Amino acid sequence: MKVKDGKTAFEYKKYNKAIGLFKKEFQSTSRQEIMAEKAYYIAESYIMINDFSQANEWYQTAEQKGYGVKALYGLAKTYKNLEKYEKAKEIYENLAFAIPTDLNLKSQVFICNQAISWINESEDNYSLQKLMPNTLYSEYSPVIYDDRYLVFTSDNEEASGSSRYDWTGNKMSDLFIIDKRGDNKVSKFDSYINSNSNDGTAVFSKDYNEMYFTRCYNTTSLGDDFCKLMFSKRQQGIWTEPVLLPFIKEGINYGQPCLIEEDSVLIFSSLSVGNANGYDLWYVEKDGDSWGVPYAMPESINTPGDEFFPSSDADTLYFSSNYLPGMGGLDIFKTFLLPDGSWKKPENVRLPYNSGGDDFGLIFDRIDKTEKGITSKGYFTSNRSAEGHEDIYYFENYIKLPTEESKTEIVKKPVKESINLYLAGKVMEFEFRIENDPNSGIKGKRPIANPNVKLNFNDSISTNINSNERGLFIGSIEYGNTYIIKVQKQGYLSNSIILNTLDYIIPEDENSYTINQEIILERIFKGQEIILDKIYYDFNESFIREDAQPTLDELAIKLINNPSISIELLSHTDCRGESDYNIALSQRRAEAAVQYLVAKGIGLTRLNAKGYGETEPVISCDCTSCTEDEHQKNRRTSFKIL
């Protein structure tokens, strides 16, 4: 159906098109009441695509031309979105005086005062920057993938297909990937996952071999996109064709999956057709490989408004709401389970995560080590820039350095020096999907009984710490010291980690504090080939690619921690080229890996290089019909412990 006027486009949720049509209609009339109405609907359309600045200007025009109270409501809301809280409060106060029966107006005055207070009280102990500045598209909902990457959603021009989303006028969204330690180069995530529909808001299992994401299908002539939750598995590095989760029903919108409780519980946002209470958070439990029946989260979390974008960090659940008291738009809140099984009353996380705009998708990066003085770092999404699209923000929280005037006072405080500080740890090993096959994928972790744990301080003081059959240990440490925790067990590769007690912020009123630490030991599989993840080579090349270096760095650390271990590095090519040439090429690749490890301080006598050419492919396919991804998987490097 061809849309010819703004009102029809608006009703069909074609907001980008509606703006252009309404503007033409606004300019083609001289009647004030019609101009007022067109200006109001232009503002409403801008609200739907999150362009608060333009919406504010058109609400002002609508109000000036006599549209009335509805324009003032919209104007106050956009002033709040733009963080002009004093102007918003003034309008809300005038409306509350004129319409005393609307109790929500007094609530809005309170929210404005609260936002002003939070801004005045906020400490300058964080840094904030856009992950990808100066783009014209929406980027949102980042999640960590394979430790060093971010997978996020975007409607940029590289998205799949040629279709445009009527709501925004941009392309249908896809999942994209970026190296968070690299040069901000953005690539499409996976062709099996991205489609011609709107795809996005993914979450991965802890071993990164399972993913859940949202796909919105355009199923009706009215332009409504019914969104479903999809599932895919990574098998030998390749994602399977996504399938619907079994509890999905027709006529219901689902979105923004989040995993908690060791991947056994899925939380998501959902809206049933005709539900006047908006989007709510739901949860569903997994029993083995089967999902149960979804249940709504309690009323302490779900409100008459909308709850979106759940995410988790340890035992804390984060989500966004446009109803709970906040700073404007969607605000991020946090909650956690209490000992009695109920959820704590949600708490606003305030600045820097929340603003007058929409803020959501908060995640913490606990994988990359933080520099001294930085207490936490991570990412969230916001449209606070008033540019009409969402951006991903990277944040760091840090200890605020004392001023010269306050240094003496702080040094005199003996709180940290007198605190009883403890280290509590557990030693675990990976459980593989196929027992004794480290290449089959990780399905979980289990404790290692009675490991040997040593605590080293200043390279001269070494203390043994007792452990039990569940791999648990606890010992006393001193604040201000840096320790090396060394863990050994017969049949396992030794491991060590550095623990700097100054990296932990301890409340001054605490008399004792416990630092928790998990340490993984890897079992020794003598003579068994173990594939090194992400060690791939370009076609017809033998040099070590930049994306392979972190994996070889990890292998170097294992060898440093285990000086009696020698290994053989094996390299394989794809099937293209002559077999003799491929043997020689794979030998050069294996030797390149050996030289990389030697440069990291590993003795050459502990390393042996062996090239196998195309003789042992990990993916068997007819050479003329192999995909480039299949060729890439066969161009691999592995190792054997000798």
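The values are calculated or read from the model by the stated rules, or taken from the named source; none is laboratory data. Every value quoted in this text rests on a predicted model; they were computed, and no experiment measured them. We place every Cβ from the backbone using ideal geometry, glycine too, and count neighbours over all the protein chains shown. Side chains are part of the model used for accessible areas, which takes the heavy atoms of the whole protein and leaves out ligands, DNA and RNA. Shrake-Rupley method; radii C 1.70, N 1.55, O 1.52, S 1.80 Å.
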Checklist entry - Which of the residues spanning segment 81-103 are open to solvent by less than 80 Å² (accessible area, probe 1.4 Å) and part of a helix (DSSP H, G or I)? => result Asn81, Tyr85, Ala88, Lys89, Ile91, Tyr92, Leu95, Ala96, Ala98
Checklist outcome for this item: The one condition Lys70 fails out of (1) surrounded by 15 or more Cβ atoms within 10 Å (Cβ to Cβ); (2) of a type in the set (D, E, K, R); (3) over 34 Å from the mean Cα position of the chain (by Cα) is (1)
Checklist entry - When segment 307-320 is examined, which residues are found to be surrounded by fewer than 19 Cβ atoms within 10 Å (Cβ to Cβ) and not aliphatic (A, V, I, L, M)? => result Asp313, Asp315, Thr316
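This table checks each residue for (1) open to solvent by 10 Å² or more (accessible area, probe 1.4 Å); (2) among the polar types (S, T, N, Q); (3) not in a helix (DSSP H, G or I).
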{"position": "Ile565", "(1), (2), (3)": "yes, no, yes"}
{"position": "Tyr596", "(1), (2), (3)": "yes, no, no"}
{"position": "Gln632", "(1), (2), (3)": "yes, yes, no"}
{"position": "Ser638", "(1), (2), (3)": "no, yes, yes"}
Checklist outcome for this item: Of the residues in segment 111-159, those that are under 14 Å from Leu351 (Cα atoms), part of a helix (DSSP H, G or I) and open to solvent by 60 Å² or more (accessible area, probe 1.4 Å) come to Ile119, Asn120, Glu121
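Condition test on Asn450, is it open to solvent by 70 Å² or more (accessible area, probe 1.4 Å), assigned to a loop (DSSP other than H, G, I, E, B) and touching a strand residue (DSSP E or B) at 6+ places or on another chain (Cβ under 6 Å)? Steps first, please.
On the way: open to solvent by 70 Å² or more (accessible area, probe 1.4 Å): yes; assigned to a loop (DSSP other than H, G, I, E, B): yes; touching a strand residue (DSSP E or B) at 6+ places or on another chain (Cβ under 6 Å): yes.
In short, yes.
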Checklist entry - Pick from segment 611-630 the residues that are in contact with a helix residue (DSSP H, G or I) (Cβ under 7 Å, 6 or more places away or on another chain) and touching a residue at least 60 places away in the same chain (Cβ under 8 Å): which of them is least open to solvent (accessible area, probe 1.4 Å)? => result Ile619
Next on the checklist: Cβ-Cβ distance below 7 Å, separation of 6 or more or different chains: which pairs start in segment 513-525 with a residue that is assigned to a loop (DSSP other than H, G, I, E, B) and end on one that is polar (S, T, N, Q)?
Outcome noted: Leu521/Asn495
Item to check | Subset tally (residues that are on the phi > 0 side of the Ramachandran plot and touching a Cys at 6+ places or on another chain (Cβ under 7 Å)) for segment 557-590 | outcome: 0
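Give me a count of the residues in segment 265-296 that are in a loop (DSSP other than H, G, I, E, B), open to solvent by 40 Å² or more (accessible area, probe 1.4 Å) and modelled with pLDDT of 90 or more. So that I can check it myself, show each step before the final result.
To start, the set of residues in segment 265-296 that are in a loop (DSSP other than H, G, I, E, B) comprises 273-279, 288-289, 292-294.
Within this subset, residues satisfying the condition of being open to solvent by 40 Å² or more (accessible area, probe 1.4 Å) are 273-277, 279, 288-289, 293.
The next check asks that each one be modelled with pLDDT of 90 or more; those that pass are 279, 293.
Residues flagged as in a loop (DSSP other than H, G, I, E, B), open to solvent by 40 Å² or more (accessible area, probe 1.4 Å) and modelled with pLDDT of 90 or more within segment 265-296 amount to 2.
With Tyr85, Tyr73, Tyr79 as the choices, which residue is touching a Lys or Arg at 6+ places or on another chain (Cβ under 8 Å), modelled with pLDDT of 90 or more and not basic (Lys, Arg)? Steps first, please.
Working: Tyr85 fails: touching a Lys or Arg at 6+ places or on another chain (Cβ under 8 Å); Tyr73 fails: touching a Lys or Arg at 6+ places or on another chain (Cβ under 8 Å).
Exactly one of Tyr85, Tyr73, Tyr79 is touching a Lys or Arg at 6+ places or on another chain (Cβ under 8 Å), modelled with pLDDT of 90 or more and not basic (Lys, Arg), namely Tyr79.
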Item to check | Residue under evaluation Gly329, criteria (1) in a loop (DSSP other than H, G, I, E, B); (2) out of contact with any helix residue (DSSP H, G or I) (no Cβ under 8 Å at 6 or more places or on another chain); (3) closer than 20 Å to Gln256 by Cβ; (4) not β-branched (Val, Ile, Thr), criterion not met | outcome: (2)
Checklist entry - Condition test on Asp629, is it over 35 Å from the mean Cα position of the chain (by Cα) and farther than 28 Å from Ile524 by Cα? => result no
Checklist entry - Which one of Ser440, Ser476, Ser512, Ser467 is more than 30 Å from Arg636 (Cα to Cα), modelled with pLDDT under 80 and either of a type in the set (Ser, Thr, Tyr) or buried (at least 16 other Cβ atoms within 10 Å of the Cβ) (or both)? => result Ser512
Checklist entry - Just checking, how many residues over segment 14-48 are touching a residue at least 40 places away in the same chain (Cβ under 8 Å) and open to solvent by less than 30 Å² (accessible area, probe 1.4 Å)? => result 2
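Please work out which residue is most open to solvent (accessible area, probe 1.4 Å), limiting yourself to segment 321-350 and to residues that are of a type in the set (Gly, Ala, Ser) and within 22 Å of Ser141 (Cβ to Cβ). Even if it seems obvious, please write down each step before you answer.
To start, the set of residues in segment 321-350 that are of a type in the set (Gly, Ala, Ser) comprises 321, 326, 328-329, 341-342.
Still in the list and also within 22 Å of Ser141 (Cβ to Cβ): 321, 326, 328-329.
Working: Ser321: 1, Gly326: 6, Gly328: 4, Gly329: 25 Å².
So, considering only residues that are of a type in the set (Gly, Ala, Ser) and within 22 Å of Ser141 (Cβ to Cβ), the one most open to solvent (accessible area, probe 1.4 Å) is Gly329.
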